[in-house]
1. What number goes with the only condition from (1) basic (Lys, Arg); (2) modelled with pLDDT under 95; (3) under 22 Å from the mean Cα position of the chain (by Cα) that ARG118 does not pass?
2. Quick one: in the stretch 70-83, which of the residues that are more than 21 Å from the chain's Cα centre (by Cα) and in a loop (DSSP other than H, G, I, E, B) is surrounded by the fewest Cβ atoms within 10 Å (Cβ to Cβ)?
3. Could we say that LEU163 is of a type outside the set (Lys, Arg) and farther than 15 Å from GLY184 by Cα here?
4. Take LEU279 and decide whether it is over 30 Å from GLU225 (Cα atoms) and without any contact (Cβ under 8 Å) to a residue 60 or more places away in the chain.
5. Please work out which residue is modelled with the highest pLDDT, limiting yourself to the stretch 239-249 and to residues that are part of a loop (DSSP other than H, G, I, E, B) and surrounded by 14 or more Cβ atoms within 10 Å (Cβ to Cβ).
6. Quick one: count up the residues across the stretch 302-313 that are surrounded by 22 or more Cβ atoms within 10 Å (Cβ to Cβ) and not small (Gly, Ala, Ser).
7. Hey, does the stretch 143-155 have a residue that's closer than 30 Å to THR65 by Cβ, modelled with pLDDT of 95 or more and touching a Phe, Trp or Tyr at 6+ places or on another chain (Cβ under 9 Å)?
Amino acid sequence: MKYTTLPSTAIKVSKICLGTMTWGNQNTEAEGHAQMDFALDHGVNFFDTAELYPVPATAETQGLTSKYIGTWLKKNNTRDKVIIASKIAGIGDYTAHIRTAGFSAKTIKEAIDLELGRLQTDYIDLYQLHWPERHTNTFGVRDFKPSPNDPWVDNFNAVLHALESFVEAGKIRAIGISNEKAWGTMRYVEEIRKDSLTPISTAQNAYSLLNRTYEGDLAEVSLREDIGLLAYSPLAFGVLSGKYIEGTAADNARLKLFPRFARYSSAQSTEATKQYLKLAQDLGISLTTLALAFVNQRPFVTSNIIGATNLDQLKENIESINTELSQETLDRIDAIHAGIPNPAP
């Protein structure tokens with residue numbers, strides 16, 4: 001395994017992070033525990049969860065993922081061996097079963113305290129805002145279009161001070177943002193500098209061969225402001241394993257169970273995936289390995305959040321850390337990208 005540190009901290013994390021979003025829907029508690037055992041045995045010390053998980057989110061399953069992590073931590077006495085990241089959910093119809101208010105000192109306190117209980121720990125290493133409160137283009141929306149009905153009022157400073165109080169109390173060690181844009185990221189940076197607050201350490205955004213929109217502006221922000229990308233969906237909901245275009249997807253594959261998650265399933269995405277699959281075949285490696293190795297090597301990536309529903313998938317995902325793509329291969333990837341740029345933003 002390769003390791004790095006969360007920016008602006010001394011927290012050492014594996015370059016591969018284990019995402020847990022399927023635990024509670026597609027995976028049982030025992031399967032989640034087996035994944036954590038396997039990951040830790042293979043050098044992965046970084047686990048990412050959220051109060052929202054598992055996804056698809058429902059009132060009946062909300063919080064199960066973190067509860068599974070909590071029972072594993074207690075059973076194995078492994079809290080000091082791992083780095084735990086979690087998130088407070090943003091507002092929206094999708095999260096009304098959790099709360100209907102946005103980010104405030106009260107809701108942040110509620111979210112952190114409830115999550116600490118689920119995780120059976122007294123601190124969270126990295127605490128993230130799951131998505132912006134304001135209207136913006138997130139979750140597959142290609143371009144920003146202003147909304148006259150957006151009720152949001154600028155509260156960056158208040159949110160940061162609320163998070164700061166939990167850093168000072170020792171309940172969280174570092175803070176991060178997720179699904180954020182360049183403008184929002186720089187507003188956080190502006191307020192942090194003005195009031196000498198704890199820096200934003202990471203941004204958790206979608207990033208893959210099918211979605212390189214992070215490179216538009218946020219990659220420069222990452223490198224110049226020392227904010228590391230935690231890349232999620234590096235396999236594009238499994239599309240970049242090739243299993244859907246090859247017809248080998250199991251019956252419990254994510255897009256078979258939940259076909260409404262079509263972010264990475266457009267005709268352009270399918271064509272790009274076919275071209276990346278041909279490249280992987282030319283190299284004698286799997287498309288999974290190609291896709292993950294590409295993300296692993298990006299200079300602005302702090303950790304690559306992989307997800308799996310079985311141990312065979314998990315093994316292949318973790319082993320991608322051992323593959324180094326040549327400049328010639330990276331040039332061929334860029335050629336495909338130039339022909340079909342960001343088919344799944």
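1. Answer for ARG118: the failing condition is (2).
2. ASN77
3. yes
4. Details: over 30 Å from GLU225 (Cα atoms): yes; without any contact (Cβ under 8 Å) to a residue 60 or more places away in the chain: yes.
Considered against the rule, which asks whether it is over 30 Å from GLU225 (Cα atoms) and without any contact (Cβ under 8 Å) to a residue 60 or more places away in the chain, LEU279 comes out as yes.
5. Once the filter is applied, the top-ranked residue is GLY242.
6. The total comes to 4.
7. yes
Residue-by-condition table, conditions (1) part of a helix (DSSP H, G or I); (2) at pLDDT 95 or above:
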{"site": "THR198", "(1), (2)": "no, yes"}
{"site": "THR202", "(1), (2)": "no, yes"}
{"site": "PHE237", "(1), (2)": "no, no"}
{"site": "ASP251", "(1), (2)": "no, no"}
{"site": "GLN268", "(1), (2)": "yes, yes"}
{"site": "GLU271", "(1), (2)": "yes, yes"}
{"site": "GLN275", "(1), (2)": "yes, yes"}
{"site": "ILE285", "(1), (2)": "no, yes"}
{"site": "LEU290", "(1), (2)": "yes, yes"}
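The values are calculated or read from the model by the stated rules, or taken from the named source; none is laboratory data. Keep in mind it's a predicted model, so treat the numbers as computed, not measured. Because the Cβ atoms are built from the backbone with ideal geometry, glycine has one as well, and the counts that use them run over all protein chains shown.
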